[in-house]
1. For a protection proxy built on the mean count of beta-carbon atoms within 10 angstrom, sort 166-175, 264-273, 125-134 highest first, please.
2. When the convex hull of the C-alpha atoms of the stretch 289-330 is computed, what volume per residue in Å³ does it have?
3. Report, to the nearest 10°, how far helix 156-175 tilts away from the longest principal axis of the Cα atoms in the chain, using its own Cα long axis and a range of 0 to 90°.
4. For the stretch 165-229, what class follows from the C-alpha gyration tensor (a ≥ b ≥ c being the square roots of its eigenvalues): rounded when a/c is under 1.5, otherwise prolate if a/b is larger than b/c, else oblate?
5. For the stretch 41-191, how big is the tail of P(r) above 22 Å, as a whole percent of Cα pairs?
6. If I take R0 = 22 Å and measure r between the Cβ atoms of Ala5 and Ile151 in this structure, what FRET efficiency does the formula 1/(1 + (r/R0)^6) give, to the nearest 0.05?
7. Report, ordered by chain and residue number, the lysines lying within cross-link reach of Lys76, taken as a straight Cα distance under 21 Å and ignoring same-chain residues fewer than 8 apart.
8. More than 17 Å apart: what percent of Cα pairs in the stretch 121-256 qualify?
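Values quoted throughout were computed directly from the atomic coordinates according to the rules given, and no laboratory measurement underlies them. Being a predicted model, the structure only gives us computed values, none of them experimental. Here Cβ is always computed from backbone atoms with ideal geometry, including for glycine, and neighbour counts include all displayed protein chains.
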Amino acid sequence: MLILAKAVLALMIGFISSIVFGFFLIPMLKKMKMGQTVSIFLQGNHSSKNGTPTMGGLIFIVPTIFTVIVLLLMNKMEFSENLFIVLFVFLAHAVLGFMDDYLSIKRHDNEGLTEIQKLAGQLFIALIFFYIFMACGGNPVLDIHTLGIKIDMGWFYGLFLLFILVASSNAVNLTDGLDGLAGGLSLISFLAMGIIAWGSTWASGNEDMAIFCFILVGSLLGFLFYNTYPAKVFMGDTGSLALGSALATVAILTSHEITLVIIAGVFVVETLSSIIQILSIKYRHKKVFLMAPLHHHFEKLGWAEQDIVKLFYFFGLVLCMMSIAFGVWL
């Protein structure tokens, strides 16, 4: 009962704080003219979204960080190296995304940081992650508990960390194309990851990483109050990069890298659809999808935005239930 009470309390605090923070932040973003410029490829369906405030990821990032700090000071959470790594990666990617969003707004287009600049930033964050992980006695082993597989990766584990962080953060970023889509799928994913982290008793600070996940779930629920159709604010790269990297970090620290693929199944499919489209156009000079990522393909087929989001939520929820069975019960 204590575990359930902690989880519900963390979720409730995150929800209330993000609702209140968003109430004050959105007018500020409007006043500062932090509006998003919609891509020329989406002007038909999304032209009405031009000027909608972006950087809305701050609505769940700031309350989550603030709540964790308060709970630590109140001794309701215990500080650990793993919790520090999660908070660092979450905040560092938020800063990287914020820089990208700011440059996009300043230039009045969707071109913020270059791909090389983003990758360099993510590489720097991954290196710090790896250094702290190894300095604190971390074991560079890919450990799949369910299948009884252990692979000692040595220093290649650093490249493995970089790959997962980049793949996960960019996957959420690609999925952030419809009102409420990335936010809702992230909420479902962090709820599953929180449950899995709580059961990962072999990981240092597992309960506190789980509480972080539940606080973020509540904060995302508050964010969706403003982000569901029609969205009053977009999360921007500020939010999407932070969410994807934090999800990957918790999975890595609890040795659930394979489970992450199931939890983030919809994000993975969205990313694969973009990769397939690019390769097909380059080598076959043909499109596989009407438009990529996949959610835009459904839009081009004439589906309503809300129906696409509901469909993706459904598959996201099914995959996360499967991941809990795989990561906890089996």
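1. Result, highest mean Cβ count within 10 Å first: 166-175, 264-273, 125-134.
2. On the way: hull volume 2.6 nm³, N = 42.
Cα convex hull per residue, to the nearest whole number: 62 Å³.
3. 40 degrees
4. Values: a/c = 3.24, a/b = 1.67, b/c = 1.94.
Oblate, since a/c reaches 1.5 and b/c is not below a/b.
5. Roughly 54 percent, rounded to a whole number.
6. Numbers: r = 38 Å, r/R0 = 1.74.
About 0.05, to the nearest 0.05.
7. Lys6
8. Pairs farther apart than 17 Å: 61 percent.
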